[in-house]
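Note sheet for the following structure.
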Amino acid sequence: MATEIVQTTFGYEALDEAKRVRIQVKAESIRARMKRTADDIIAIGLDLIDVKEDLGHGQFEHWISAEFDMNLRSAQRFMQAAERFDSQSKSDKLSSLPVSVLYLLASPSIPDEVVEGVLSGEIPAESKAIKEAREAREALLRKEEEAEQIAREKDIIQRQFFEAQQEIETLKESLAEPQVIEVIPPQMVEELEQEKRRAEEADHKARASAESRRRTEDKNNRLTYDLQRTTEEKEKLKDALSVQVSFTDQQLRKRDRRRDWRQFIRGLQQGCSQSFHEVPSSEMAAEFFEDEDWDLIEAASRPMRALLTKFDQLGKSRAPDSEASIIVDANASTEDREETPIPLGV
């Protein structure tokens with residue numbers, strides 16, 4: 001069948017050949033039916049449904065805009081009419097319906113009962129009558145729902161009433177039977193009361209004992225803490241006292257050594273002074289000394305000279321502001337020292 005293909009701004013080049021030709025044919029068919037009789041509207045809707053299945057939603061909207069300058073809402077009205085009235089497209093009543101009425105009947109908000117009423121002639125084919133019929137149908141549905149709700153509530157009430165009657169009958173039967181009342185002897189009652197009092201006293205004692213243990217633990221904790229603090233303070237005092245005692249011991253040792261040294265020096269000075277008068281003069285020694293005597297003098301002089309040398313070294317270690325010798329007078333010459341031997345046997 002030869003069909004003239006009209007060029008539009010829709011991108012047919014993106015489609016394969018068979019699909020492109022089929023959709024362009026559908027486009028020409030839709031244009032031919034734009035006079036919009038009921039049959040044409042249904043046929044247009046069917047074609048739009050087919051094309052939408054081929055193109056998908058995104059391309060479909062662009063295609064209807066490019067081919068027919070149609071928006072998506074208008075296309076949906078065509079497709080709704082086709083979906084609802086396709087099986088009735090041969091009906092004379094449907095063909096005679098105004099386009100606005102056809103669109104209204106195709107709306108999802110119009111119940112099938114109203115559509116059937118319009119097509120059968122029971123409801124006038126007018127927008128006002130159709131809307132009133134829809135509202136009446138909705139009101140009827142609401143009443144039916146309310147009636148169903150009332151019926152459900154009635155069933156619940158009846159069931160509850162039946163259950164209450166059964167409970168009443170059960171109570172009547174139980175009351176009709178003789179009741180056995182157990183009487184507790186007064187002596188047992190007294191024993192039970194005593195047992196209860198003993199249990200309460202035991203509980204009180206247990207609580208008091210627990211509180212006493214808690215207080216004792218708190219006291220022990222405080223004492224432990226105080227003891228620890230006291231021990232720490234004692235250790236600190238002990239360390240400080242140890243340092244002080246060590247320092248004092250050092251001072252005492254120094255003092256004792258100075259005392260011993262001074263006693264030694266004083267004794268040495270006293271012995272030297274006493275021995276000095278026992279040494280003969282040079283003339284006397286030359287007159288009666290023998291070789292053995294001179295050897296004794298030489299033997300005694302050696303340790304004396306060593307002692308004097310030690311004293312000189314001690315004198316040099318003294319502070320610079322004092323140039324006097326520790327023991328020997330600084331004004332005495334070396335010769336005088338050699339001529340005055342000091343015996344060490346004292």
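Report every pair of residues separated by at least 6 positions or lying on different chains whose Cβ atoms are under 8 Å apart, first residue within the range 137-158 and under 28 Å from residue 117 (Cβ atoms), second acidic (Asp, Glu) and part of a helix (DSSP H, G or I).
Final answer for the pair search is 137/113.
Within the range 26-67, track down each residue that is aliphatic (A, V, I, L, M), modelled with pLDDT under 85 and over 13 Å from residue 78 (Cα atoms).
If the condition is that a residue be aliphatic (A, V, I, L, M), modelled with pLDDT under 85 and over 13 Å from residue 78 (Cα atoms), then 27, 32 are the ones that fit.
Name every residue in the range 48-71 that is part of a helix (DSSP H, G or I) and closer than 27 Å to residue 118 by Cβ, in order of residue number.
Result: 48, 49.
Just checking, does the range 231-239 include any residue being in contact with a Ser or Thr (Cβ under 8 Å, 6 or more places away or on another chain), in a helix (DSSP H, G or I) and at pLDDT 75 or above?
no
Those residues that are closer than 19 Å to residue 307 by Cα and hydrophobic (A, V, I, L, M, F, W, C), I need them from the range 251-271; list them, please.
Listed by number, the residues that qualify are 261, 264, 265, 268.
Conditions (1) of a type in the set (A, V, I, L, M); (2) farther than 18 Å from residue 267 by Cβ; (3) at pLDDT 50 or above, marked per residue:
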{"position": "295", "(1), (2), (3)": "no, yes, yes"}
{"position": "303", "(1), (2), (3)": "no, no, yes"}
{"position": "306", "(1), (2), (3)": "yes, yes, yes"}
{"position": "337", "(1), (2), (3)": "no, yes, no"}
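Please work out which one of (1) loosely packed, with under 12 Cβ neighbours inside 10 Å; (2) within 18 Å of residue 84 (Cβ to Cβ) is the condition residue 135 fails and give its number.
With respect to (1) loosely packed, with under 12 Cβ neighbours inside 10 Å; (2) within 18 Å of residue 84 (Cβ to Cβ), residue 135 is out only on (2).
Here are some residues: 173, 146, 211. Which one is modelled with pLDDT of 85 or more and assigned to a helix (DSSP H, G or I)?
One residue alone meets the criteria, 211.
Could you figure out which of (1) among the aliphatic types (A, V, I, L, M); (2) modelled with pLDDT of 80 or more; (3) not in a helix (DSSP H, G or I) isn't true of residue 97?
Here residue 97 meets the rest and fails (2).
The values are calculated or read from the model by the stated rules, or taken from the named source; none is laboratory data. It should be emphasised that the depicted structure is a prediction, and the values quoted were computed from it without experimental measurement. Virtual Cβ from ideal backbone geometry, glycine too; neighbours counted across all protein chains shown.
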